[in-house]
Structure formats: structure tokens, C-alpha cells
Amino acid sequence: MERDDIDIAAETAVAPPAASRKVFVKTYGCQMNVYDSQRMTDALAADGYVATDVIGDADLVLLNTCHIREK
């Protein structure tokens, strides 16, 4: 029994990507914190996240800050 071309095409079709999830990142601190926040945003992009400037639109909120310790 042979398969129709339509059946094969339906089985190999790629589903459209799901709506992107959004991440809001708030950074406090030095330029290293800004760099770290960008790296986190880039890493999350691989999982389908896109950055947003509107906290209410975000599916994920990240707060990146540091604490300077005195010696």
C-alpha cells in the first residue's frame, strides 16, 4: 500500500512556532551587571524568550543587582 504525497507532507510539516514568551530584566549596578543581564537575555532567547520593556507584558521578570562588600 502506497502513501499519498499529501500524507507524507502532513507528517513532515513543521508546526508554526508558539507565541514568544517575554522577559523583563531590571538591572542595578555597574557595567558588569548590565553585561550579565544581556548575557541572561541572550541565553533565554535560545528558549524562545524575547525582551520587553513593559513589566506587565512579561512572562518572566529578572532583577539583577549586586552587593559591594567592604573589606
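The values are calculated or read from the model by the stated rules, or taken from the named source; none is laboratory data. Keep in mind that what you see is a predicted model, and the values were worked out from it rather than measured. Note: ideal-geometry Cβ built from the backbone for every residue, glycine included; neighbour counts use all protein chains shown.
Scanning region 1-44 for residues that are at pLDDT 95 or above and outside any helix (DSSP H, G or I) gives ARG21, LYS22, VAL23, PHE24, VAL25, LYS26, THR27.
Restricting attention to region 49-71, the residues that are at pLDDT 95 or above and part of a loop (DSSP other than H, G, I, E, B) add up to 5.
Identify all residues within region 19-32 that are surrounded by 14 or more Cβ atoms within 10 Å (Cβ to Cβ) and under 12 Å from LEU62 (Cα atoms); write none if there are none. LYS22, VAL23, PHE24, VAL25, THR27, listed by residue number.
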